[in-house]
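Some notes on the structure that comes next.
The values are calculated or read from the model by the stated rules, or taken from the named source; none is laboratory data. None of these values were measured; they are calculated from a predicted model. Note: ideal-geometry Cβ built from the backbone for every residue, glycine included; neighbour counts use all protein chains shown.
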Amino acid sequence: MNLSDLLNEATICCPLVSNSRNEAIKELLNHLQGLGYLSGTVQLYNYIKKLENNNSTAAGKGIVYPHSVSSEVDDLICILGISKRGLDFNSPDGQPCHIILLSLSPLDMPDKHRKFIRLFSSMVSNSDIRPRILDSYDSEDVSNIIINWETDDSLVDDLE
């Protein structure tokens, strides 16, 4: 599995226009609906909002991983949002979240997103990658960063 299999110019929103956690979740879900992955977003939004209210998926260091299962998807769907100003996701380190990776899994594969998140986390843990993503002007820039990271054979070999 490669990050670029799911994250590309179409599934990267940079920059997000939202000013709050809930607006960002709506923006990402609406973008997926606009791409034809979803027929509606209200139920997913309410479910993800409830999960975030009960137990934030913020990992610290400006990264958050909201997720859900959905009967509308047949395989893992991911969308990446980059917030320039940062959003409050009740992060354990108190820092605003700038990198939001939302994933939707099929009902029969609820844990498939974990492998993808581990791979994504490996990439953004690189001290050079995170600042480059945050400094990106648009989705194409972020997509190129992901592709370039994946083509570095030494990094990919270590993760497989």
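Could you list, in sequence order, all residues of segment 97-107 that are outside any loop (DSSP other than H, G, I, E, B) and among the hydrophobic types (A, V, I, L, M, F, W, C)?
Within segment 97-107, the first condition is being outside any loop (DSSP other than H, G, I, E, B), and the residues that meet it are 97-106.
If the condition is that a residue be outside any loop (DSSP other than H, G, I, E, B) and among the hydrophobic types (A, V, I, L, M, F, W, C), then CYS97, ILE99, ILE100, LEU101, LEU102, LEU104 are the ones that fit.
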The residue that is surrounded by the fewest Cβ atoms within 10 Å (Cβ to Cβ), considering only those in segment 49-76 that are touching a helix residue (DSSP H, G or I) at 6+ places or on another chain (Cβ under 7 Å) and farther than 23 Å from ASN8 by Cα, is LYS49
For the structure I just gave you, tell me whether GLY94 is under 23 Å from GLU9 (Cα atoms), assigned to a loop (DSSP other than H, G, I, E, B) and without any contact (Cβ under 8 Å) to a residue 24 or more places away in the chain.
no
Which of (1) modelled with pLDDT under 95; (2) surrounded by 12 or more Cβ atoms within 10 Å (Cβ to Cβ); (3) over 13 Å from the mean Cα position of the chain (by Cα) is the odd one out, the single condition LEU119 does not satisfy?
(3)
Tell me, yes or no, whether segment 72-82 has at least one residue that is assigned to a loop (DSSP other than H, G, I, E, B) and without any contact (Cβ under 8 Å) to a residue 12 or more places away in the chain.
no
Which condition number in (1) more than 15 Å from ASN2 (Cβ to Cβ); (2) touching a Ser or Thr at 6+ places or on another chain (Cβ under 7 Å); (3) surrounded by fewer than 18 Cβ atoms within 10 Å (Cβ to Cβ) is the one that ILE79 fails?
(3)
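Which count do you get for residues in segment 108-141 that are in a loop (DSSP other than H, G, I, E, B), acidic (Asp, Glu) and either touching a residue at least 12 places away in the same chain (Cβ under 8 Å) or farther than 28 Å from VAL17 by Cβ (or both)? Spell out how you get there, then give the answer.
Initially, segment 108-141 is screened for residues in a loop (DSSP other than H, G, I, E, B), giving 108-111, 125-128, 135-138.
Remaining after also requiring acidic (Asp, Glu): 108, 111, 128, 135, 138.
Now drop any that are not either touching a residue at least 12 places away in the same chain (Cβ under 8 Å) or farther than 28 Å from VAL17 by Cβ (or both), which leaves 108, 111, 138.
Residues meeting the conditions: 3.
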Would you pick out the residues in segment 8-36 that are hydroxyl-bearing (Ser, Thr, Tyr) and buried (at least 17 other Cβ atoms within 10 Å of the Cβ)?
THR11, SER18
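Would you say SER18 is of a type in the set (Ser, Thr, Tyr), over 29 Å from ASP128 (Cα atoms) and assigned to a loop (DSSP other than H, G, I, E, B)? Break it down stepwise before answering.
Numbers: of a type in the set (Ser, Thr, Tyr): yes; over 29 Å from ASP128 (Cα atoms): no; assigned to a loop (DSSP other than H, G, I, E, B): yes.
No; evaluated as a whole, the condition is false for this residue.
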Hey, any hits in segment 38-46 for a residue that's surrounded by 16 or more Cβ atoms within 10 Å (Cβ to Cβ), out of contact with any Gly (no Cβ under 9 Å at 6 or more places or on another chain) and free of Cβ contacts under 8 Å to residues at least 24 places away in the same chain?
yes
